[in-house]
Amino acid sequence: MKEPSLKVIGVYRPAISVETWREQFQVTGDEQATHEHFEKLVLIEAVVEGLVGRFDFAKFGQVLSGYRNYRDGMQVAYDEGLLSAEGECLIQRRMHCVQGTGPLRFAVYLHFYDPYRPLQWQGGEVTCPPVEEAPIRLTMLMPYRACS
């Protein structure tokens with residue numbers, strides 16, 4: 001059987017509404033902490049093919065070696081959404097929704113993104129295109145959700 005493959009379509013700076021900023025401020029309680037929360041947040045859009053089972057988001061992210069006060073370890077992506085093949089429709093937005101043999105297009109959030117490092121995933125490493133502003137279709141399909 002062919003090994004699974006992953007192609008990152010885009011890495012995007014998400015649009016954060018005033019309402020979402022306020023919701024996150026309620027969690028952090030501090031203007032600087034809220035700014036830092038969103039500073040290196042990205043929305044990643046990718047296509048995976050040839051999976052056996054589900055995409056393992058616990059292995060999808062970047063290693064945080066010596067980053068601020070965070071312990072070394074993997075910063076993993078979260079809040080995944082399964083998209084249509086063209087990326088124009090959201091099929092599901094819940095944990096473990098990216099599964100099957102593919103091709104499967106998805107979007108997912110990642111904090112503390114470093115554009116100079118590759119992403120890790122269950123199939124190894126993948127390089128990413130430069131960070132861009134999020135397209136309107138993804139802003140509508142996958143708005144950022146503040147949570148505690």
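The values are calculated or read from the model by the stated rules, or taken from the named source; none is laboratory data. For clarity, every value in this text was computed on a predicted model and none was experimentally measured. Glycine gets a Cβ as well: all are built from the backbone with ideal geometry, and neighbour counts include every protein chain shown. For the accessible areas, the whole protein counts, side chains as well, though only heavy atoms, and no ligand, DNA or RNA atoms are used. Shrake-Rupley method; radii C 1.70, N 1.55, O 1.52, S 1.80 Å.
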Restricting attention to region 23-37, does a residue exist that is out of contact with any helix residue (DSSP H, G or I) (no Cβ under 9 Å at 6 or more places or on another chain), farther than 17 Å from A77 by Cα, surrounded by 15 or more Cβ atoms within 10 Å (Cβ to Cβ) and charged (D, E, K, R)? yes
For A77, indicate whether it is under 22 Å from E39 (Cβ atoms), at pLDDT 95 or above and of a type outside the set (D, E). no
Picking from A58, A15, which residue would you name as being in contact (Cβ under 8 Å) with a residue 12 or more places away in the chain, touching a Pro at 6+ places or on another chain (Cβ under 9 Å) and open to solvent by 20 Å² or more (accessible area, probe 1.4 Å)? A15
Scanning region 86-122 residue by residue, the ones that are open to solvent by 50 Å² or more (accessible area, probe 1.4 Å) and either part of a strand (DSSP E or B) or touching a strand residue (DSSP E or B) at 6+ places or on another chain (Cβ under 6 Å) (or both) total 9
Which of the numbered conditions does L51 fail, given that it passes all the others? Conditions: (1) assigned to a loop (DSSP other than H, G, I, E, B); (2) over 14 Å from W121 (Cα atoms). (2)
Return a yes/no flag: does region 33-42 have any residue that is under 15 Å from R145 (Cβ atoms), assigned to a loop (DSSP other than H, G, I, E, B) and of a type in the set (D, E, K, R). no
Would you check which residues across region 3-22 are in a loop (DSSP other than H, G, I, E, B) and either out of contact with any helix residue (DSSP H, G or I) (no Cβ under 6 Å at 6 or more places or on another chain) or of a type in the set (D, E, K, R) (or both) and list them? E3, P4, P14, S17
Any residue in region 64-77 that is without any contact (Cβ under 8 Å) to a residue 40 or more places away in the chain and in a helix (DSSP H, G or I)? no
Filter region 38-55 down to residues that are small (G, A, S) and out of contact with any Ser or Thr (no Cβ under 8 Å at 6 or more places or on another chain) and give me whichever is surrounded by the fewest Cβ atoms within 10 Å (Cβ to Cβ). G53
Can P143 be described as under 14 Å from the mean Cα position of the chain (by Cα) and surrounded by 14 or more Cβ atoms within 10 Å (Cβ to Cβ)? yes
